[in-house]
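Trainee: There's a structure below that I have some questions on.
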Amino acid sequence: MDKNKRLYCDQVHRLLGQTVTGVSATLIAAIILSLALWNLSRDPKVILWLFSMAAVVLIRVFIRLYFLKTATTVENVIRRRNYVLISLAVTGGMWGLSGIILFPYSNIIRQVFLVFVLGGMVAGSVGLFATLKSAYYCFSIPTVLPVIINLSLIGDAVHYAMGAMLAIFWFIMTIAAMRLNIEIIETFNLKYENLELISDLEKEVRDRKAAEERLITRNQEIEAIVNERTSELMDVNKRLRNEIEERKEAEEALRNSEEKYRELADSLPQIVFEADGLANITFVNRNAYKLFGYNQDDLNKGLNLIRVIAPDEREKAEANISKRLNGTRSFGNEYIALRKDGSEFPISVHVNPVISNGRTIGLRGIAIDLTEAKKAEEEQKAVAARLQRAEKMETLGIMAGGVAHDLNNILSGIVTYPELLLIQIPDKSPLREPLTTILDAGRRAAALVQDLLTLTRRGVITENVVNLNDIIHEYINSPENERILSSHPDVKLEVDLENGLLNILGSRVHLIKTVMNLITNAAEALPGGGTIRLSTRNQYLDRPVKGYDDIACGDYAVLSVSDDGIGIPQSDLKRIFEPFFTKKVMGRRSGTGLGMSVVWGTIKDHKGYIDVESTEGRGTVFNLFFPVTREKQDLKMDSRPINIRQGKGESILVVDDARDQREIASAILAEIGYSVNTVSSGEEALSYIMKNSADLIVLDMIMDPGMDGLDTYRKILEIRPGQRAIIASGFSETDRVIEAQRLGAGAYVQKPYTIDKLGTAVMAELGEK
């Protein structure tokens with residue numbers, strides 16, 4: 001079959017395979033849209049349109065079921081394509097018709113919702129119909145064009161803008177569809193190239209087998225001639241020499257064929273392998289040795305295909321190998337492969353049986369390393385998830401910012417007048433209780449509006465120097481905390497705050513709100529009682545950390561809230577910060593779905609990061625990372641720890657590859673009376689020590705590139721035996737830190753630096769205890 005025709009058949013076949021997903025999305029979206037518009041107007045046209053759309057969906061399903069009876073071929077592909085394009089055009093036309101006959105002219109919010117639904121259908125069609133450009137156009141153009149024209153005909157600026165934005169959105173989705181179409185075609189072409197390559201390899205092997213069979217036949221003829229014509233020895237010898245020459249040529253041809261086969265196999269980026277009838281590997285190309293870590297000796301000793309598959313997938317591999325040995329061809333299976341060193345990586349394996357004289361004698365195939373492809377796929381999913389999260393937060397922000405001001409004006413009367421009336425009426429008045437109920441409801445509504453404003457990312461001022469320990473003390477002593485704990489009498493709150501916690505730039509009000517939301521969330525995760533642990537700590541990250549957020553390196557004050565409650569299902573974990581996402585019941589203790597969204601918004605306003613770990617039945621941990629500041633709080637008292645004595649000008653050399661860490665250490669040591677010099681590497685430290693002396697060296701353990709702290713200290717001791725030093729690092733204590741201390745180094749200081757930690761270590765090492 002011509003390659004282009006085969007490609008077109010595969011495209012149409014893939015498009016048909018998307019029918020179930022497409023009609024499901026169409027039917028669900030049509031029902032949701034109809035319900036929204038029916039609640040607005042009760043117009044019979046809504047029901048008529050919905051049933052018409054359902055009829056179109058049923059027709060598409062019947063077409064798909066009919067085509068399932070036979071395969072897609074060159075002879076029927078055009079007819080099938082036409083059916084699909086017509087059905088997509090009709091479906092798109094039905095959606096476009098909704099933008100005209102169902103258009104809610106009197107309700108701008110429902111208009112936005114209608115445009116949002118149509119835009120969503122176009123966005124969904126990118127993934128479903130981009131296989132064939134004409135399919136995407138047949139669906140998307142009838143879907144959005146009528147509503148764009150309708151918006152333009154209304155004539156005001158808002159509807160012009162809505163129409164223009166929808167047109168731009170369609171254009172962007174069209175670009176995405178075209179790019180996806182190119183990628184799909186490239187995937188099909190790669191598939192065809194691999195199949196052609198396997199075919200070429202099989203032909204090469206057949207030629208090799210044919211040469212071997214000719215050689216065997218020739219040898220048999222030579223032996224027969226020798227036995228039958230002994231009397232004609234001279235003639236036989238002459239013919240024998242000729243036969244030997246032919247045998248050498250055949251062997252040379254065989255060697256050339258084998259060498260060509262190996263060179264071809266070694267040139268491939270994939271793994272090429274052969275195995276016998278027991279699945280013992282008999283041949284692999286160079287790339288197989290590289291990826292799996294084995295060598296020729298391992299192959300000579302015996303290496304089975306099952307051995308290079310991860311234990312959890314060996315049963316599946318054995319079943320597939322059995323099928324291949326029984327003559328079944330493979331269209332590709334994915335496994336987790338096992339290297340010689342025990343590490344694992346994903347592969348895609350394509351195997352076919354090797355048949356000789358009508359009998360399967362082994363297996364031959366290729367394996368493709370999927371590590372980079374899987375990594376790219378996961379990264380693409382992560383980017384899409386983050387983008388979707390950001391779009392949802394932005395949508396809510398736009399909506400909340402537009403209504404919060406008016407809501408607050410309305411709530412002013414609801415809250416203020418009940419307060420005034422409660423002052424004026426007698427204590428035993430029958431109106432006091434309902435007025436109190438109205439006042440409480442108004443206050444709760446005002447708090448909800450404040451949460452909405454927080455989500456708009458407006459008004460969070462992060463320019464004040466605050467300390468998380470002070471925030472937590474203020475919250476613990478607040479009525480809100482008493483209310484939460486009194487509502488959950490079986491819940492115990494444990495607090496562990498690190499002394500000397502570094503300051504941050506932030507908004508006290510929003511930080512207290514964040515702590516309250518986290519404590520509330522934890523308490524409600526303990527329906528049978530339990531313990532909430534609230535703690536703080538300083539933490540320095542030498543390298544970025546990947547978690548729920550990707551956390552950049554630097555100094556952080558970390559707020560941790562953990563519970564031993566019911567935990568969060570993994571399916572919900574990525575959605576907990578979405579606005580209005582909640583599993584709680586509205587109208588009870590909580591359940592608006594805004595609490596965790598407010599936490600997310602506050603963290604982002606403070607340029608911080610959040611990490612979440614949860615196990616169902618065991619509990620949840622929230623870690624909030626806030627960038628620290630070296631600015632001091634506006635306090636009249638001296639913030640220097642009372643147990644740190646003033647230095648006497650002793651010389652200290654700070655060795656650290658991070659400039660900000662050198663500057664912080666230098667500022668702390670100068671503040672408490674020491675003379676400080678700094679260098680940025682172990683090599684610079686050696687040059688300094690050869691020309692100068694230092695009473696003490698503050699030595700960073702991890703410095704990249706170049707010598708680390710241990711190697712630097714060894715070299716310094718060769719120049720100045722007995723040199724005093726202390727070790728610093730952002731990581732936990734390691735064997736290399738212990739080795740440096742064995743050589744004579746003093747205390748180990750874990751970053752981030754504080755006056756208390758660094759001053760105490762320096763004082764102890766210089767003998768100023």
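The values are calculated or read from the model by the stated rules, or taken from the named source; none is laboratory data. All figures in this text were calculated on a predicted structure; none of them were measured in a lab. Cβ atoms come from the backbone with ideal geometry, glycine included; neighbour counts cover every protein chain shown. In case anyone asks, the SASA skips ligands and DNA or RNA and just uses the protein heavy atoms, side chains included. Shrake-Rupley method; radii C 1.70, N 1.55, O 1.52, S 1.80 Å.
Trainee: I'd like the orientation of helix 233-266 relative to the chain: the angle between its Cα long axis and the longest Cα principal axis, in ° from 0 to 90, rounded to 10.
Mentor: The angle comes out near 10 degrees.
Trainee: So what is the calculated 222 nm ellipticity per residue for the chain, using -39500 (n - 2.57) for each DSSP H run with n of 4 or more, over all residues, to the nearest 500 deg cm²/dmol? Don't skip to the answer; put the middle values down first.
Mentor: Working: 23 runs with 444 residues, N = 769.
Value at 222 nm, helices only: -20000 deg cm²/dmol.
Trainee: If you take the square roots of the eigenvalues of the alpha-carbon gyration tensor of the range 475-532 and sort them as a ≥ b ≥ c, do you get rounded (a/c under 1.5), prolate (a/b over b/c) or oblate?
Mentor: Details: a/c = 2.34, a/b = 1.71, b/c = 1.37.
Taking the square roots of the gyration eigenvalues as a ≥ b ≥ c, the range 475-532 is prolate.
Trainee: Roll a 1.4 Å probe over the protein chains and send me the accessible area per residue for the range 1-80 in Å².
Mentor: On the way: 4640 Å² over 80 residues.
Counting only protein heavy atoms, the per-residue value for the range 1-80 is 58 Å².
Trainee: Something else: Explain nothing, just the number: dipole magnitude of the chain about its Cα centre with +1 on each Lys and Arg Cβ and -1 on each Asp and Glu Cβ, in debye rounded to the nearest 20.
Mentor: Working: 91 positive and 99 negative charges, 523 e Å.
Using only the charged Cβ atoms, the result is roughly 2520 debye.
Trainee: While we're looking at this one, here's another question. Please go through the residue pairs LYS513/LYS632; LYS290/LYS751; LYS604/LYS632; LYS604/LYS751 and name each one whose alpha carbons sit more than 30 Å apart in this structure. All intermediate terms of the calculation are to be shown ahead of the outcome.
Mentor: Values: LYS513/LYS632 23 Å; LYS290/LYS751 40 Å; LYS604/LYS632 23 Å; LYS604/LYS751 24 Å.
Correct reply: LYS290/LYS751.
Trainee: Counting only residues 5 or more places away or on other chains, whose amide H sits under 5 Å from the amide H of LYS492 once H atoms are built in the peptide plane?
Mentor: For LYS492, whose amide H was placed from the backbone, the distant partners under 5 Å are GLY530, THR531, ILE532.
Trainee: In square angstrom, what is the accessible area per residue of the range 663-735 with a 1.4 angstrom probe?
Mentor: Working: 3300 Å² over 73 residues.
Each residue of the range 663-735 exposes 45 Å² on average to a 1.4 Å probe.
Trainee: Using packing as a proxy for protection, rank 208-220, 172-184, 126-138 so that the peptide with the highest average count of other Cβ atoms within 10 Å comes first.
Mentor: Descending mean neighbour count gives 126-138, 172-184, 208-220.
Trainee: When the C-alpha atoms of the chain are aligned to their principal axes, what extent does each axis show, in angstrom, from largest down?
Mentor: 138, 95, 50
Trainee: Next question, about the same structure. Quick one: which of LYS648/LYS691; LYS375/LYS546; LYS546/LYS574; LYS191/LYS381 span more than 19 angstrom between C-alpha atoms?
Mentor: Table pairs above 19 Å Cα-Cα are LYS648/LYS691; LYS191/LYS381.
Trainee: Using all alpha carbons of the range 1-140, what is the percent of pairwise distances in each 10 Å bin, ordered from the shortest bin to the longest?
Mentor: Calculated over all Cα pairs of the range 1-140, the distribution is 11, 41, 28, 13, 5, 1 percent.
Trainee: What order do you get for 545-554, 616-625 when each peptide is scored by the mean count of other beta carbon atoms within 10 Å, highest first?
Mentor: Result, highest mean first: 616-625, 545-554.
Trainee: So, one more: If I compute solvent accessible area with a 1.4 Å probe over the protein chains, what percent of it on the chain is carbon and sulfur?
Mentor: On the way: 23400 of 41660 Å².
Within the chain, the accessible surface is 56 percent carbon and sulfur.
Trainee: Also, I was wondering about something else. Output the peptides 675-684, 150-159 sorted from most to least packed, where packing is the average of other Cβ atoms within 10 Å over each peptide's residues. Please list the in-between numbers first.
Mentor: Working: 675-684: 17.6, 150-159: 13.3.
Most protected by this proxy first, the peptides run 675-684, 150-159.
Trainee: When ligands, DNA and RNA are left out and all protein chains stay put, how many square angstrom of accessible area per residue does the range 207-363 have with a 1.4 Å probe?
Mentor: Working: 9910 Å² over 157 residues.
With the other protein chains kept in place, the range 207-363 gives 63 Å² per residue.
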